Amino acid sequence: MTLNNFLRPEPSNDLREMSIQALAHVGDAVYELMVRTYLCSNGAIAARQLHKKSVSMVSAKAQAAAASMILPFLNEDELAVFKRGRNAHQASVPKTSTHEEYHAATALESLFGFLYLCGEQGRLSEIFRIIVSGD
């Protein structure tokens, strides 16, 4: 079994029915890795500044802004996952963000988790480019 096969769910698992919290959990890591990769590949930045910039880009407020940028570009399946993430019940919301920002951030993370688990790295890159082009 290759690492690539290990990371993908079995074909019998319908990702549209996977827990939205599970998709957001994976998507959170995927999004943060993409942000870190983007920052490191776009010039030499001191470690402290890398950390500060990455934290600012993965905050709920920044993710909510990113979510609003990509919304017009989503297809029907992506929009369905996004809406499930946005409408998911949250037990608590961090003090640094509003309910609306946190729900939008969860929607973005859910979408990134869904696309990653579907093996849609090309689509992830397209969506991420939209986000960083507005940064």
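The values are calculated or read from the model by the stated rules, or taken from the named source; none is laboratory data. Quick caveat: nothing in here was measured; it's all calculated off a predicted structure. Positions of Cβ are backbone-derived with ideal geometry, glycine not excepted, and every protein chain shown enters the neighbour counts. These accessible areas exclude ligands, DNA and RNA; they are computed on the full protein's heavy atoms, side chains included. Shrake-Rupley method; radii C 1.70, N 1.55, O 1.52, S 1.80 Å.
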**OP:** State which residue pairs qualify: first residue over 14 Å from Leu115 (Cβ atoms) and inside the range 61-76, second residue polar (S, T, N, Q) and part of a helix (DSSP H, G or I) in any location, beta carbons under 9 Å apart, and separation of 6 or more residues or different chains.
**Re:** Ala62/Ser56; Gln63/Thr106; Met69/Ser133
**OP:** Please specify each residue of the range 39-61 satisfying the condition of being closer than 23 Å to Tyr102 by Cα and open to solvent by 50 Å² or more (accessible area, probe 1.4 Å).
**Re:** His51, Lys52, Lys53, Val55, Ser56, Lys61
Subject >> Unmet requirement for Val35, which otherwise passes all of (1) under 16 Å from Phe128 (Cβ atoms); (2) among the β-branched types (Val, Ile, Thr); (3) open to solvent by 50 Å² or more (accessible area, probe 1.4 Å) >> reply: (3)
